[in-house]
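Here is the structure we will look at.
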Amino acid sequence: MTTMTARTATIRRATADETDTIATVLAAAFLHGDLGPWLVPHIDTRSRVYGPYFRIFTEHAQTSGRIDVTDDVCAAAIWYPIGHTVDLDIPAYDTRLAQACGEHLNRFVALDRTMHIHHPTGSPHHYLAFLGVHPDRQRQGLGRALLDHHHNQLDTDGIPAYLEATSPRTSTLYHRHGYTPQQAYTVPNGPKLHPMWRPPHPTEATR
């Protein structure tokens, strides 16, 4: 059996019937992530929260954003095109977030608000909301393949990208893909986030 790696990965647009699968992959990918212990301290509770939480975004991004996946749907990236202002209007978001997060809602709301306040405005760009690889398939270059795929299109179109790294370690990883660290900020009574900006890189077509 051949294991898919960055060299062999086929990246494509997700289909609507893969929404639940993608939510499951992202929930597993982020379960032990940097923000998890603060958002939902107990791992079992976090597992129950993350499924419906990521379902909100995978469902919304199918129509209002873009979801790139590996061909076997073990890795996914959710991108949103952002204009001069940030306006991700997710239908019934407050209600669905409350249902998903339960007693931990306040921390998810604080995270949302703080990221919104610090999100850059005035320059259209693509926002990398989530990128995750299933734990069974990590360290095979699939995240890199997802990034390279979308960056190639952004570079051709002359569009910058933005994301929030959740630790200095992940900030270093994204720096290797052309992202420049911006001023870090802290969620009230919570973790520090590391925003990063990637200008479009010249291509043969744009030189």
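The values are calculated or read from the model by the stated rules, or taken from the named source; none is laboratory data. This structure is a prediction, so every number in the text was calculated from the model and none was measured. Cβ sites come from the backbone with ideal geometry, for glycine too, and all protein chains shown count toward neighbours. Note: accessible area is taken over every heavy atom of the protein model, side chains too, but ligands, DNA and RNA are not part of it. Shrake-Rupley method; radii C 1.70, N 1.55, O 1.52, S 1.80 Å.
Structure notes:
- Theoretical ellipticity at 222 nm over the chain - DSSP helices of four or more residues, -39500 (n - 2.57) apiece, nearest 500: -13000 deg cm²/dmol
- Karplus-derived 3J(HN,Hα) values for region 179-186, using 6.51 cos²θ - 1.76 cosθ + 1.60 with θ = phi - 60°, are 7, 9, x, 9, 5, 5, 9, 10 Hz; glycine and proline are entered as x.
- Using heavy atoms of the protein chains and a probe of 1.4 Å, the accessible area assigned to ASP71 is about 80 Å².
- Gaussian network model of the chain, springs between alpha carbon atoms under 10 Å - residue of HIS150, HIS177, HIS126 with greatest fluctuation: HIS177
- Cut-off 11 Å between beta-carbons: net charge of the residues surrounding GLY178, Lys and Arg +1, Asp and Glu -1: 0
- 16 Å cut-off, amide nitrogen to a point 7 angstrom out along ARG66 Cα→Cβ, residues in region 152-174: 152-163
- Entry note, region 1-89: relative contact order of 37 percent, from Cα contacts under 8 Å with a spacing of 6+ residues.
- Taking the chain and dividing mean pair separation by its residue count, relative contact order in percent (alpha carbons under 8 Å, at least six apart): 22
- Using a Gaussian network model of the chain in which every pair of alpha carbons under 10 angstrom is joined by a spring, one finds that among LEU193, LEU173, LEU146 the greatest mean-square fluctuation is at LEU173.
- Largest-first principal axis extents, alpha carbons of the chain, Å: 52, 47, 32
- Test item: Cα-centred dipole of region 114-207, Lys/Arg +1 and Asp/Glu -1 on Cβ, debye: 320
- Overall form of region 47-156 per C-alpha gyration tensor (a/c, 1.5; a/b vs b/c): oblate
- Largest first, the residues ILE43, ILE22 sort by 1.4 Å accessible area into ILE43, ILE22.
- Summarising the label geometry, the points placed 7 Å from Cα in the beta-carbon direction at GLN138 and THR186 lie 2.6 nm from one another.
- Residues ILE78, ILE159 ordered from highest to lowest accessible area at a 1.4 Å probe: ILE159, ILE78.
- Sequence-separation-based contact order of region 91-207, relative, with Cα cut under 8 Å and 6+ spacing, percent: 24
- Nearest-20 debye value, the chain charge dipole, Cβ charges on Lys, Arg, Asp, Glu: 560
- Order of exposure, largest accessible area first, which applies to ARG137, ARG46 with probe 1.4 Å: ARG137, ARG46
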